[in-house]
1. Considering only residues of the range 209-241 that are without any contact (Cβ under 8 Å) to a residue 40 or more places away in the chain and under 16 Å from the mean Cα position of the chain (by Cα), which is nearest to Gly15 (Cα to Cα)?
2. Within the range 26-57, can you find the residues that are aliphatic (A, V, I, L, M) and either within 27 Å of Ser221 (Cβ to Cβ) or touching a residue at least 60 places away in the same chain (Cβ under 8 Å) (or both)?
3. So which residues in the range 208-236 are in contact with a Leu (Cβ under 6 Å, 6 or more places away or on another chain) and either exposed (fewer than 15 other Cβ atoms within 10 Å of the Cβ) or outside any helix (DSSP H, G or I) (or both)?
4. Answer yes or no as to whether Asp198 is charged (D, E, K, R) and closer than 25 Å to Ala88 by Cα.
5. Within the range 165-182, is even one residue more than 19 Å from the chain's Cα centre (by Cα), outside any helix (DSSP H, G or I) and either at pLDDT 95 or above or not charged (D, E, K, R) (or both)?
6. In the range 126-164, which residue that is polar (S, T, N, Q) and assigned to a loop (DSSP other than H, G, I, E, B) is modelled with the highest pLDDT?
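The values are calculated or read from the model by the stated rules, or taken from the named source; none is laboratory data. Quick caveat, the model's predicted, so the values are computed rather than measured. Virtual Cβ from ideal backbone geometry, glycine too; neighbours counted across all protein chains shown.
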Amino acid sequence: MAGILIIGGASGLGGEIAADFARSGDGVLLVDQGAVPAGLGAGVAYLALDLAAEDSGARAVREAVDRFGSIDTLVVAAAAMDSAPITAWTAAMWDRAAAVNLRLPFLAVQAALPWLCASDNASVTFISSTATMRGQVHTHGYQATKAGVAGLVRSLAAELGPAEIRVNAVLAGWLDTPLTRAYWAGVEDADGERARLDRRLPLRRHGTAAEAAALVRFLASTAASYLTGAMLPVDGGDTAV
């Protein structure tokens, strides 16, 4: 049984990833903000933390180690995505994006490092975004910090590779998750805009959380033993055209 720590995205992609690992019999701890999410998969333990707090990564690691005695896979799926014209952005909005989207992944890896080093199949996967590859109005803090994750993946892959710890990012495109639905809720003529966007995508639709979770599961498997430092889009071909 592997020890799996997943931070963030409990009601969407993170929850789907957790359920996928749990179905394989792994020990899974899902960490996010607020009460236990509805529909939490069987075999998934849950811990509520403020993900913007400086010690949230270390506290999540301690809980996972207390439960499972190991951490073999770390997945950080946390995301803070405010959307507003630049004139409406505040320093507090920017700081929250930086804390959740960029500082948390780094500090979580730092805290988990002793247990990742002890694992015979250690992997770290950050859930990032195709926003690292193309522009989008209003989500300035989200795009800037998710672009920073790409640099973090490269630096961690370079440093941790000799310890046989793989570090990769999944670049989520237009997936039908609560985070994306919240974005569309703030868009004028959301139905029409979403339909126009879907017509632009080669696969002509939003993806599902399960489709992205399958890639995360692969990256944590021994089948991905020679894959590190990669940014892999799950986007229906959006960034290819």
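1. Top of the filtered list is Glu211.
2. Val28, Leu29, Leu30, Val31, Leu40, Ala42, Val44, Ala45, Leu47, Leu51
3. Correct list: Met231, Pro233, Val234, Gly236.
4. Spelling it out, it is not the case that Asp198 is charged (D, E, K, R) and closer than 25 Å to Ala88 by Cα.
5. Looking only at the range 165-182, we keep the residues that are more than 19 Å from the chain's Cα centre (by Cα), and these are none.
No, the range 165-182 contains no residue that is more than 19 Å from the chain's Cα centre (by Cα), outside any helix (DSSP H, G or I) and either at pLDDT 95 or above or not charged (D, E, K, R) (or both).
6. Start the filter on the range 126-164 by keeping residues that are polar (S, T, N, Q), which leaves 128-130, 132, 136, 139, 143, 145, 155.
Next, from what is left, pick out any that are assigned to a loop (DSSP other than H, G, I, E, B): 136, 139.
On the way: Gln136: 82, Thr139: 90.
The extreme case among them is Thr139.
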